[in-house]
Amino acid sequence: MLMSQSSASLVHDIIIQDSWRRCRDFGLSHQTRPSFGQLPNAEVSRLLERHHGLVQTTHQEVLPVYENILSNSNCLILLADPQGQLLKSWGAQRFVESSQAQGFMAGASWSERGTGTNAIGTALACEQAIHIEPDEHFLKANRFMTGSASPIFDADRRIIAVLDVSSDSFLPPSHTLGMVKMMSQSVENRLILDQFRDSHYQLIFNTGLNNLDSQWAGLLIFDESGQILCANRRADNLLGTTPSGASIETLFKCPILQLLSETEARPFALHAFGNNRFQCLLKRPTRKPLKLHSVQTAQAPVAPRSLDLEAISLGDAKIEKAVNQAQRLLEKDIPLLIHGETGVGKEVFVKALHQASARAGQPLIAVNCAAIPAELVEAELFGYERGAFTGANQKGSIGLIRKADKGTLFLDEVGDMPMPVQARLLRVLQERCVQPLGSSELYPVDIRLISATNRSLRDQVQAGLFR
């Protein structure tokens, strides 16, 4: 769903206003000192023991992010339970004022009732990710810091924790919030997989092969009969429905026996009802034996074949027409736009176009604009210099556009690209140069651009949502 910057800002303002109203109802004033509700040591020990598995899983997912991105910044990564009590922190506490030190110890509470509007407490209260600027904190004592927080949900969609990045330095809202969302989604996926890997099948799916292993892949947990026990939130978005409790055969055009016969860890395609096509990976339970008596009736997986532009039409007149049009434009310096529903094979078409062109020996960089958080799209595409923003990789990044130099850049789901990024991309196409975030340098690029969408861009242009 596209949301303009003004709409997103309005929603954010409403969340802050509601939080301040709750703070007044709690009897807080701007001069109130945060209580933090520090627990006795014995209770802290019991709290940490109760959440030991959550802390360990979060540590495994968060530590690489901290070491590679945040270790040289003045940031803390915080993990809190559903009541806002701190469980673990990563990073140096050098920005913490001595008077606030107890608030960053295990067992300290960051619920709104005791500490007013803040990233952890407000994310729990509104059950969504939030970025809190210094002057948005209700208590003046907390206005030395800024933070972004995102809830972590379990398989039953209950909030089990919240992850936060806080600092006394400037944190760019969009990048920080996007990073926290990615970390929380990564923890959420890992917890679900760990819970069911011994006993149930797992189907991981996404719109393309290049993002099957990302945090933003859909995840379905199901039993041998095809009954879905749970799914992550990304699966809801991809399928357009809440799949938990349904049969997998009501979502995909594939008998359960055929699905279970797929080779584990080898990608395969599934067609969903509604004509969406997804790339998938099947993982079997590690302890439960596979009991299939009729598996020999299932179709054997088709061996992959090389892509042939003239052969992919398969007798379909519309595809054949698209192939003919594309062939005429193939060697012309004209961006191509492919229109079609998500998952109908646009990526396969693009790969065939690339292989049939003079750029076949050069990179083909595929980017799913809907799979990257809106807050991170700009940095991913255009790259950034080291130190461009707090939390940036200290080595910087050349960006996906420069990686596609001399080759083809494929922007799938381009209709989901945020407006500011559209403006920057337009300049790249006009000037044939890219300027990384935080840099004054212009780097020449030579790319063929192919875009794809399932939206009506004409309608979006008229609505002011697309340039």
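Quick check on my filter: what residues within the range 15-46 are of a type in the set (D, E, K, R) and either assigned to a helix (DSSP H, G or I) or under 32 Å from the mean Cα position of the chain (by Cα) (or both)?
Within the range 15-46, 18, 21, 22, 24, 25, 43, 46 qualify.
Hey, could you check the range 218-244 for residues that are of a type in the set (D, E, K, R) and within 17 Å of residue 189 (Cβ to Cβ) and say which is surrounded by the most Cβ atoms within 10 Å (Cβ to Cβ)?
Filtering first and then ranking leaves 234.
Residue-by-condition table, conditions (1) modelled with pLDDT of 90 or more; (2) small (Gly, Ala, Ser); (3) more than 19 Å from residue 243 (Cα to Cα):
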{"residue": "166", "(1), (2), (3)": "yes, yes, yes"}
{"residue": "180", "(1), (2), (3)": "yes, no, yes"}
{"residue": "183", "(1), (2), (3)": "yes, no, yes"}
{"residue": "186", "(1), (2), (3)": "yes, yes, yes"}
{"residue": "191", "(1), (2), (3)": "yes, no, no"}
{"residue": "203", "(1), (2), (3)": "yes, no, no"}
{"residue": "208", "(1), (2), (3)": "no, yes, yes"}
{"residue": "215", "(1), (2), (3)": "no, no, no"}
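So, of the residues in the range 248-286 that are more than 30 Å from residue 339 (Cα to Cα) and among the hydroxyl-bearing types (Ser, Thr, Tyr), which turns out to be farthest from the chain's Cα centre (by Cα)?
261
Conditions tested, residue by residue: (1) touching a residue at least 60 places away in the same chain (Cβ under 8 Å); (2) touching a helix residue (DSSP H, G or I) at 6+ places or on another chain (Cβ under 8 Å); (3) not in a helix (DSSP H, G or I).
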{"position": "117", "(1), (2), (3)": "yes, yes, yes"}
{"position": "120", "(1), (2), (3)": "no, no, no"}
{"position": "151", "(1), (2), (3)": "no, yes, yes"}
{"position": "155", "(1), (2), (3)": "yes, yes, yes"}
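Of all helices (runs of 4 or more DSSP H) completely enclosed by the range 343-406, which ones contain at least 2 residues that are under 22 Å from residue 62 (Cβ atoms) and at pLDDT 80 or above?
Where helices (runs of 4 or more DSSP H) fall fully within the range 343-406 and carry at least 2 residues being under 22 Å from residue 62 (Cβ atoms) and at pLDDT 80 or above, they are 377-382.
Look through the range 122-149, keep the residues that are in a helix (DSSP H, G or I) and of a type in the set (A, V, I, L, M), and return whichever of them is nearest to the chain's Cα centre (by Cα).
123
Name the residues in the range 246-276 that are part of a loop (DSSP other than H, G, I, E, B), under 17 Å from residue 202 (Cβ atoms) and not hydrophobic (A, V, I, L, M, F, W, C), would you?
Across the range 246-276, the qualifying residues are 261, 262, 263, 264, 266, 267.
Restrict the check to the range 69-82 and report whether at least one residue is within 26 Å of residue 153 (Cβ to Cβ), in a helix (DSSP H, G or I), more than 26 Å from the chain's Cα centre (by Cα) and at pLDDT below 95.
Checked against the condition, which is being within 26 Å of residue 153 (Cβ to Cβ), in a helix (DSSP H, G or I), more than 26 Å from the chain's Cα centre (by Cα) and at pLDDT below 95, the range 69-82 yields no hits at all.
Of all the strands (runs of 3 or more DSSP E) wholly in the range 161-240, which have at least 2 residues that are within 19 Å of residue 151 (Cα to Cα) and in contact with a strand residue (DSSP E or B) (Cβ under 7 Å, 6 or more places away or on another chain)?
Filter on the range 161-240 gives 218-222, 228-231.
Could you please give the count of residues in the range 182-216 that are among the aliphatic types (A, V, I, L, M) and over 27 Å from residue 81 (Cβ atoms)?
4
Conditions (1) closer than 24 Å to residue 71 by Cβ; (2) at pLDDT 90 or above; (3) not aromatic (Phe, Trp, Tyr), marked per residue:
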| site | (1), (2), (3) |
| --- | --- |
| 142 | no, yes, yes |
| 163 | yes, yes, yes |
| 170 | yes, no, no |
| 173 | yes, no, yes |
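Could you check the range 187-235 and list, in sequence order, the residues that are among the acidic types (Asp, Glu) and in contact (Cβ under 8 Å) with a residue 60 or more places away in the chain?
Result: 194, 198, 224.
The values are calculated or read from the model by the stated rules, or taken from the named source; none is laboratory data. These figures come from a predicted structure and were not determined experimentally. We place every Cβ from the backbone using ideal geometry, glycine too, and count neighbours over all the protein chains shown.
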